[in-house]
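Novice: Handing you a structure now.
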Amino acid sequence: MNDQGAAYWSATLRLLGGILAVWFICSFGAGILFADALNSIKLGGYPLGFWFAHQGSIYIFIALIFIYAKLMGDLDRKFDVHEE
Amino acid sequence: MDLQTTTYLVVGASFALYIGIAIWARAGSTSEFYAAGGQVPPVMNGMATAADWMSAASFISMAGLIANMGYGGGLFLMGWTGGYVLLAMLLAPYLRKFGKFTVPQFIGDRFYSKSASTVAVICLLTASLTYIIGQMTGVGVAFSRFLNVSSDTGIYIGQAIVFLYAVFGGMKGITYTQVAQYIVLICAYIVPAVFISLNLTGNPIPQLGLGSTMSGSDIALLTRLDTVVTELGFGKYTTTTAGSTLNMFVYTMSLMIGTAGLPHVIMRFFTVPKVADARSSAGWALIFIALLYTTAPAVAAMAKYNLHATVNTAVAKGGDLYAPEASIKAEDRPDWMKRWEKTGLLKFKDANGDGRIQFYNDKTKNPEAKAKADAAGWKGNELTVNADIIVLANPEIALLPNWVIALVAAGGLAAALSTAAGLLMAISSAVSHDLVKGIFAPDISEKNELLAGKISMAVAIVVSGYLGLNPPGFAAGTVALAFGIAASSLFPAIMMGIFSKKMNKEGAIAGMLAGLFITLFYVFAHKGIFFIKGTDFLPMIGGANSFFGITPEAFGAVGALVNFAVAFIVDKMTKEPPEHIQAMVEAVRVPRGAKVVDGAH
């Protein structure tokens, strides 16, 4: 792989790492591991930990995919590997 | 018009629509049959993926299980949506760039070995067949209520319809039909939820209604539900976890990586025109899926509340839940209960002979609830409601108009049929394309390849229908097993194929076999060998859930770890993949140069 290609791949891996961190924190973190602690906070009638498990993480997942698609598109163009 | 006639009309009209579209878009060539010629735009593809994805398990079974499980049911919600993030980032764009249209083809080419591809076919068939068993259970429930027959007869009729339906068109026919099915099923899910949310909380949006206060009071719906179910001896709704935190964690993980490893979902991303479209396609699919998945928790909690309120008048009015007159008289029970009793999925038994229905948890560990039940002279729970009927019965429980009930029946059938069709496509392409054409008879004619595909569909339907008569669990639980199998076998292999240049064929094959074997071993120990009743061997592994309290449905994540570990160890001990394979992996990692998928080798 040439230098340009290696740089593109490591930039891609950094982006994936960042998104996976958010993905993990909101679902496994807020929705499962820390749900009990968060439940003392109320979001309307929802205990917050319960809300993350039953609603919140899903909204965040959607946002994550579109953010990823956008940033990845930018990366493709920056490294000139996008599709014509 | 009475309920039965309305149901026939609505279901009939929806079927006419699907069949009409299937005929209009009939597939010609094999490439169209499997991948719609790579020409489906992202939003459309997203909608079809959503229909494909949201099976009888999501539509019919999931909310019922959440109603039973409470907070712990969130593992289905997170697990079956979070996997799309993994799919969009880790697999879809690279597989699209790779440009083949089946998963075994990718594994066979990447790991330069027909054996690898054969192992992938075995993994794929095991996962897909298990998945279809769950679908058949759901189909049985939907048809039994719809035609007023027992759930066994429902399965027989369902088998016949699924067969006709799946052999009709290929992926292209299915793609456009699935767009129509998505629209039917999402309306069917949301319309009753809106009615019920409005009734209970005055807020028409179910996602907000679930977090609102009850109409005419300042107590939150969830708080009231917590109070009622705890008092009746059930676990507190908003905090009861699924087994243990560890189990919930691995269960969720297993569903997520299973989602990313399920062949019939991955196949969808081969049908978009460009690599960039494969990325956003997953996002569109998730938006359409989320419409149902964020509504489901509201359906679950509200159905649970309504069910209790139906049999115990003190739930809505307040007062003592254990007062004798609070439980309704059996002879006054609503018509919907009588209708569901015919299917055998709802049962009433007057344990203490007082002519009233007492619905509570008689196995409670809560001493207060137990003392109250004993004092009231309750001699055991008298109402059993199969979790799989909650969604279909939901509009009836809430006494909604007939057309809504009919719409839900049509939606349930759409969900079950669309997924069964997608899975059968995956099975038929694995058998005809990867196994017969790829390995046994490379010079088979296009016509015979299609025929082999159709025969394998028929076999899959018969086998899954048979096993669906004695399902290993509720529809959603059975489907979760399929995810565990995909998670432990296919996901790690595909992932290593893309992210590790040095992974060789020995590593991948050993990994897949180890992951599949250990997962099946644990699952079969609980559920019987190949899910045949009476062949389970729990004592051999030291009792149920003996591995750190992890349930068989959740075991896929452990299997995936084993897969990764075995693959890396074997990889280190054998020689690295040839130069051209490493170059191919590098090429797959950049989007430029993506071609339309082709089937020829």
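The values are calculated or read from the model by the stated rules, or taken from the named source; none is laboratory data. Given the structure is predicted, the values throughout are model-derived calculations rather than measurements. Ideal geometry is used to build each Cβ from the backbone, glycine not excepted, and the neighbour counts take in all protein chains shown.
Novice: If you scan the stretch B:176-199, which residues turn out to be aromatic (Phe, Trp, Tyr) and within 17 Å of B:Ala290 (Cα to Cα)? Write out each step before concluding.
Specialist: Our first condition is that a residue be aromatic (Phe, Trp, Tyr); within the stretch B:176-199, this holds for B:176, B:182, B:189, B:195.
Within the stretch B:176-199, B:Tyr182, B:Tyr189 qualify.
Novice: Go through the residues of the stretch B:202-212 one by one and say whether even a single one is within 19 Å of B:Asn312 (Cβ to Cβ) and at the interface with chain A (Cβ under 9 Å from one of its Cβ atoms).
Specialist: Of the stretch B:202-212, the ones within 19 Å of B:Asn312 (Cβ to Cβ) are none.
No.
Novice: Look at B:Asp354 and say whether it is at pLDDT below 90 and either surrounded by 19 or more Cβ atoms within 10 Å (Cβ to Cβ) or closer than 22 Å to B:Lys304 by Cβ (or both). Before the answer, list the steps.
Specialist: On the way: at pLDDT below 90: yes; either surrounded by 19 or more Cβ atoms within 10 Å (Cβ to Cβ) or closer than 22 Å to B:Lys304 by Cβ (or both): no.
Here the answer is no, as B:Asp354 does not meet what is asked.
Novice: Picking from B:Gly108, B:Gly64, B:Gly73, B:Gly99, which residue would you name as being over 21 Å from B:Phe269 (Cα atoms), away from every other protein chain (no Cβ under 12 Å) and touching a residue at least 40 places away in the same chain (Cβ under 8 Å)?
Specialist: B:Gly64
Yes/no matrix, rows are residues, columns are (1) crowded, with 20+ Cβ neighbours inside 10 Å; (2) β-branched (Val, Ile, Thr):
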| residue | (1), (2) |
| --- | --- |
| B:Leu399 | no, no |
| B:Ile427 | yes, yes |
| B:Leu469 | no, no |
| B:Phe474 | yes, no |
| B:Ala482 | yes, no |
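Novice: Those residues that are more than 30 Å from B:Glu506 (Cβ to Cβ), assigned to a loop (DSSP other than H, G, I, E, B) and touching a residue at least 12 places away in the same chain (Cβ under 8 Å), I need them from the stretch B:519-547; list them, please.
Specialist: Selection gives B:Gly528, B:Ile532, B:Lys533, B:Asp536, B:Phe537, B:Ala544, B:Asn545.
Novice: Can you name the condition, by its number, that B:Leu516 falls short on among (1) within 22 Å of B:Trp80 (Cα to Cα); (2) touching a Leu at 6+ places or on another chain (Cβ under 7 Å)?
Specialist: With (1) within 22 Å of B:Trp80 (Cα to Cα); (2) touching a Leu at 6+ places or on another chain (Cβ under 7 Å) applied to B:Leu516, the lone miss is (2).
Novice: Just need a number here: residues in the stretch B:554-585 that are outside any loop (DSSP other than H, G, I, E, B) and either at pLDDT below 90 or in contact with a helix residue (DSSP H, G or I) (Cβ under 6 Å, 6 or more places away or on another chain) (or both).
Specialist: Matching residues across the stretch B:554-585 total 12.
Novice: Next question. For the stretch B:159-176, does any single residue satisfy the condition of being out of contact with any helix residue (DSSP H, G or I) (no Cβ under 8 Å at 6 or more places or on another chain) and either closer than 24 Å to B:Ile21 by Cα or more than 13 Å from chain A (Cβ to nearest Cβ) (or both)?
Specialist: Initial filter on the stretch B:159-176 (out of contact with any helix residue (DSSP H, G or I) (no Cβ under 8 Å at 6 or more places or on another chain)): B:160, B:164.
From what is left, the residues that are either closer than 24 Å to B:Ile21 by Cα or more than 13 Å from chain A (Cβ to nearest Cβ) (or both) are B:160, B:164.
Yes.
Novice: Got at least one residue in the stretch B:262-281 being facing another protein chain (nearest Cβ under 9 Å) and at pLDDT 90 or above?
Specialist: no
Novice: Could you check the stretch A:1-83 for helices (runs of 4 or more DSSP H) lying wholly inside it with 1 or more residues that are more than 9 Å from chain B (Cβ to nearest Cβ), more than 23 Å from B:Ile287 (Cα to Cα) and among the hydroxyl-bearing types (Ser, Thr, Tyr)? Before the answer, list the steps.
Specialist: Details: elements: A:3-24, A:35-38, A:48-51, A:57-78.
Correct list: A:3-24.
Novice: In the stretch A:26-54, what count of residues is obtained for those that are surrounded by 24 or more Cβ atoms within 10 Å (Cβ to Cβ) and either over 16 Å from B:Asn247 (Cα atoms) or touching a strand residue (DSSP E or B) at 6+ places or on another chain (Cβ under 9 Å) (or both)? Write out each step before concluding.
Specialist: If we filter the stretch A:26-54 for residues that are surrounded by 24 or more Cβ atoms within 10 Å (Cβ to Cβ), which is where we start, we get A:27, A:31-32, A:35, A:46-47, A:49-54.
From what is left, the residues that are either over 16 Å from B:Asn247 (Cα atoms) or touching a strand residue (DSSP E or B) at 6+ places or on another chain (Cβ under 9 Å) (or both) are A:35, A:46-47, A:49-52, A:54.
So the count comes out to 8.
Novice: Sticking with this structure for a sec: Please specify each residue of the stretch B:244-279 satisfying the condition of being of a type in the set (Ser, Thr, Tyr) and closer than 17 Å to B:Leu423 by Cα.
Specialist: The initial filter retains those residues of the stretch B:244-279 that are of a type in the set (Ser, Thr, Tyr), namely B:244-245, B:251-252, B:254, B:259, B:271.
Answer for the stretch B:244-279, where residues must be of a type in the set (Ser, Thr, Tyr) and closer than 17 Å to B:Leu423 by Cα: B:Thr259, B:Thr271.
Novice: For the stretch B:290-381, which helices (runs of 4 or more DSSP H) that fit wholly inside it have 3 or more residues that are in contact (Cβ under 8 Å) with a residue 60 or more places away in the chain? Break it down stepwise before answering.
Specialist: Working: elements: B:314-317, B:335-341, B:367-375.
Ranges flagged: B:335-341, B:367-375.
Novice: Another one. Would you check which residues across the stretch B:213-229 are away from every other protein chain (no Cβ under 12 Å) and of a type in the set (Gly, Ala, Ser) and list them?
Specialist: As a first pass, look at the stretch B:213-229 and keep what is away from every other protein chain (no Cβ under 12 Å): B:215-216, B:227-229.
Result: B:Ser215, B:Gly216.
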